[in-house]
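Here the structure is laid out as structure tokens; the discussion comes afterwards.
The values are calculated or read from the model by the stated rules, or taken from the named source; none is laboratory data. As the structure is a computational prediction, the values presented were derived from the model and not from experiment. When we count neighbours, we look across all protein chains shown, and the Cβ atoms used for this are built from the backbone with ideal geometry, even at glycine.
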Amino acid sequence: MKPIQNTNEAGHPAQVRTVLITGASRGIGAAIARRFSAEGYQVALNYCSSAACAEKLAAELNTRQGRAAVFQADVSRQDQVQGMVEAVLQTFGSIDVLVNNAGIAQQKMFQDITEAEWQRMFDVNVKGMFHCCQAVLPDMLRRKEGKIVNLSSMWGMVGASCEVHYSAAKAAVLGLTKALAKELGPSRIQVNCVAPGLISTDMNKALDEEAMAAILDETPLGCVGAPSDIASAVWYLASDQAGFTTGQVLSPNGGLVI
Ligand code: NAP
């Protein structure tokens, strides 16, 4: 698959931009992929285990005259991330935007969390971002441009009972975002964060009706968010509209956390 060229406003050939989205097979990641594709981006869809979902989404985007391809990698594995990024660069020519969306969650009493569960939570949600950022940066630094958007959670901002390891990992994402934004600002690379509230995806399937009702009761807007709400926030931070914004956290959460 060769990178495609459009013409810019002046009529000159303009390289179409490419976004790499981790965890794009389902939920919020799939919504982000649809949004970037609709905005004219070439879309690199990372998945870990849901190959069929990722392939189906790529086919959907390609049918709509977009340009999308799938790339398998477990983000917790540095070798797999490196191979994925090399494959994306070969396919699309550049990575202009990295969206670190891949994540896992678990509801469990703190005393019952095993060391392996704690480790996996951090390996996927935090170390995965470390791997992906390190892998895309040589190309971004060489070009002195690029945008990175990381997915945290409102629970990373305020903590959630029975999700201590998830909350701690998502809080680490806030620190990673702010520190990396300072380090990369002089290289014209922006790093920002979206910290969603409760969004209707597979991740929340385990929440029982009572827990869901309690959260909705505390949410001023009185509803859960849609994956497209988060895609809009990610799109804004990656767009030229946010040219002076870096190291920031945008939290679409219905007003639950202010
Ligand atoms: P989801 O529906 O459970 O989807 C998770 C995605 O992450 C899937 O595409 C999955 O890929 C991918 N993934 C998991 N482990 C991976 C790994 N090791 N390597 C690569 N990909 C991996 O979750 P979601 O609700 O869309 O959440 C997306 C992000 O938003 C997460 O970071 C989550 O913490 C954050 N978030 C979600 C909510 C919410 O209410 N849903 C709220 C706040 C923050 P495969 O299926 O291919 O394995």
Scan region 148-160 and tell me whether some residue there is under 19 Å from Ile32 (Cα atoms) and assigned to a helix (DSSP H, G or I). yes
Just checking, which of Ala195, Ala116, Ala160, Ala181 is under 25 Å from Arg77 (Cβ atoms) and either out of contact with any Pro (no Cβ under 9 Å at 6 or more places or on another chain) or surrounded by 22 or more Cβ atoms within 10 Å (Cβ to Cβ) (or both)? Ala116
Selection within region 17-33 - charged (D, E, K, R) and either in contact with a Gly (Cβ under 7 Å, 6 or more places away or on another chain) or within 13 Å of the ligand (Cβ to nearest atom) (or both): Arg26
Check on Gly197, within 12 Å of the ligand (Cβ to nearest atom), touching a helix residue (DSSP H, G or I) at 6+ places or on another chain (Cβ under 6 Å), small (Gly, Ala, Ser) and modelled with pLDDT of 95 or more: yes
Tally up the residues in region 105-128 that are more than 11 Å from the ligand (Cβ to nearest atom), outside any loop (DSSP other than H, G, I, E, B) and of a type in the set (S, T, N, Q), please. 2
Which numbered condition in (1) aliphatic (A, V, I, L, M); (2) modelled with pLDDT under 95; (3) more than 15 Å from the ligand (Cβ to nearest atom) is the only one that Ala238 fails? (2)
Condition test on Val97, is it within 12 Å of the ligand (Cβ to nearest atom) and under 23 Å from Met203 (Cβ atoms)? no
I'm trying to understand the selection: among the residues of region 75-94, which are closer than 15 Å to Asp139 by Cα and either among the acidic types (Asp, Glu) or free of Cβ contacts under 8 Å to residues at least 12 places away in the same chain (or both)? Gly83, Glu86, Gln90
Pairs returned, first residue in region 218-231 that is under 11 Å from Pro252 (Cβ atoms), second residue that is more than 10 Å from the ligand (Cβ to nearest atom) and assigned to a loop (DSSP other than H, G, I, E, B), beta-carbon separation under 7 angstrom, 6 or more apart or interchain, are Leu221/Gly254; Leu221/Gly255; Gly225/Gly254
Being more than 15 Å from the ligand (Cβ to nearest atom) and part of a helix (DSSP H, G or I) narrows it down to one of Leu216, Leu184, Leu174, so name that one. Leu184
Report yes if some residue within region 143-154 is surrounded by fewer than 24 Cβ atoms within 10 Å (Cβ to Cβ), within 13 Å of the ligand (Cβ to nearest atom) and at pLDDT 95 or above; otherwise report no. yes
Can you confirm whether Val124 is within 22 Å of Ser152 (Cβ to Cβ), free of Cβ contacts under 8 Å to residues at least 60 places away in the same chain, surrounded by 14 or more Cβ atoms within 10 Å (Cβ to Cβ) and not polar (S, T, N, Q)? yes
